[in-house]
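Derivation of every value follows stated rules applied to the coordinates shown; laboratory data play no part. Computed from a predicted structure; not experimentally measured. In this analysis, Cβ positions are derived from the backbone assuming ideal geometry, glycine residues included, and neighbour counts consider all displayed protein chains.
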Amino acid sequence: MAKIGFIGMGNMGSAILHGLMKEFPKEDLIFTAKTEETKRRVYEETGVMYADSNAECANRCKYLILAVKPQFYEEVLKAIRYMVTPEHVVISLAPGKTIEQLKLSLGNDKRIARAMPNTPAMIGEGMTGISCIQEEYAPQELDMLKRIFASCGEVELVDERLMDAVVCASGSSPAYVYMFIEALADGAVRCGMPRKQAYVFAAQAVKGAAAMVLESGEHPGVLKDKVCSPAGTTIEGVAALEEYGMRNAVLKASEAVYKKCTRI
């Protein structure tokens with residue numbers, strides 16, 4: 001029997017699967033997908049066997065990752081309800097779906113974990129928050145939960161009440177960063193730089209700045225101040241961002257994401 005199964009093989013399921021293939025033999029993995037075309041394509045790319053149905057996939061693994069969009073959860077949970085046992089660990093990737101809600105669908109004796117990865121997992125640079133009722137798990141099972149997502153980036157255990165905040169901080173925010181990089185490049189193009197080169201400069205600046213925050217341990221405000229020379233160019237740019245509401249726009253985006261999570 002496989003250790004880890006996937007229901008759904010979209011961008012996130014595929015990213016986690018490819019990360020796991022660096023840590024586990026393909027015999028430990030199994031998946032299913034909505035279409036036969038997707039099943040055959042992923043099998044040809046990875047050599048990982050697929051199940052013919054959601055129920056079969058659940059029956060053939062211990063750790064079951066639900067990598068489908070929230071609107072398909074009702075259908076999927078109905079299909080696996082009688083295949084999932086108290087020995088399983090069901091891992092939900094859906095924002096807004098609480099452990100309590102999922103237990104109502106699968107049974108109160110079932111073990112549910114919530115995880116919120118993000119798209120940089122596709123290149124091994126993801127950030128995942130995991131929440132579960134820890135007393136339901138043996139230490140090696142908790143280690144396995146973290147190991148699954150550590151295969152495609154960084155991972156931290158968080159209280160379930162913070163899972164919607166995880167969506168705000170890392171789940172949705174890569175989209176904003178891409179918009180920022182695009183805007184930085186547009187600014188450079190406006191000043192005469194070729195677009196292809198502008199994207200390289202902008203993206204590397206963002207990558208380097210993020211690495212400085214993580215590796216230096218200094219507050220982002222302190223790092224910002226170190227770039228701002230008195231009466232220099234950078235402080236003029238910072239003043240313009242403040243004038244046009246950059247911080248408020250990001251705060252409003254996080255608020256919108258949080259509200260959407262609570263309505264799913």
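At-a-glance table
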| read-out | value |
| --- | --- |
| Given [x] 1.15; [y] 0.93; [z] 1.08, the label whose value is Cα Rg over 2.2 N^0.38 Å derived from this model | [x] |
| Ratio Rg/Rh [Cα only; Rh per Kirkwood] for segment 4-160 | 0.92 |
| Amide H contacts of Val89 (H built 1.01 Å from N, under 5 Å, at least 5 apart or other chain) | Tyr63, Leu64 |
| Gain upon complete extension [Ser229, Leu214; 0.36 nm per residue less C-alpha separation] | 3.1 nm |
| Nonlocal amide H pairs with Val155, under 5 Å, H built at 1.01 Å | Thr128 |
| Loop-located chymotrypsin sites (Phe, Trp or Tyr not before Pro) in segment 20-113 whose Cβ has at most 16 other Cβ within 10 Å (DSSP) | Tyr82 |
| For the chain, built as a Gaussian network whose Cα springs stay under 10 Å, the top-fluctuating residue of Ser229, Ser14, Ser131 | Ser229 |
| Semi-axis lengths, Å, segment 146-228, gyration tensor of Cα atoms, sqrt of 5 times eigenvalues | 29, 17, 13 |
| At R0 = 25 Å, FRET efficiency that the Cβ-Cβ distance of Arg195 and Tyr244 yields, to 0.05 | 0.60 |
| Residue-by-residue Karplus 3J(HN,Hα) for segment 75-89, coefficients 6.51, -1.76, 1.60, Hz, glycine and proline x | 5, 5, 4, 5, 6, 9, 3, 8, 9, 7, 10, x, 7, 5, 10 |
| Folded to 0 to 90 degrees: helix 246-263 orientation relative to the chain principal axis, Cα | 20 degrees |
| Modelled FRET efficiency - R0 25 Å, Gln101 with Lys207, Cβ distances, 0.05 increments | 0.10 |
| Helix 173-190 vs. the chain, principal-axis angle (Cα, 0 to 90°, nearest 10) | 30 degrees |
| Cut-off under 5 Å, modelled amide H: who pairs with Phe6 long-range | Ile30, Phe31, Thr32, Ile65 |
| Residue-wise HN-Hα coupling along segment 103-113, computed from phi with Karplus coefficients 6.51, -1.76, 1.60 (Hz; x: Gly, Pro) | 5, 4, 7, 9, x, 5, 8, 8, 9, 10, 10 |
| Antiparallel %, DSSP beta bridges [both residues in the chain], to 5 | 15 percent |
| Low-density loop cleavage sites - GluC sites (Glu not before Pro) in segment 97-204, where at most 16 other Cβ are within 10 Å (DSSP) | Glu125 |
| Residue-by-residue Karplus 3J(HN,Hα) for segment 93-102, coefficients 6.51, -1.76, 1.60, Hz, glycine and proline x | 9, 7, x, x, 8, 7, 4, 4, 4, 5 |
| Gain in span if fully extended, Ser53 to Glu255, counting 0.36 nm per residue against the direct Cα distance | 68.9 nm |
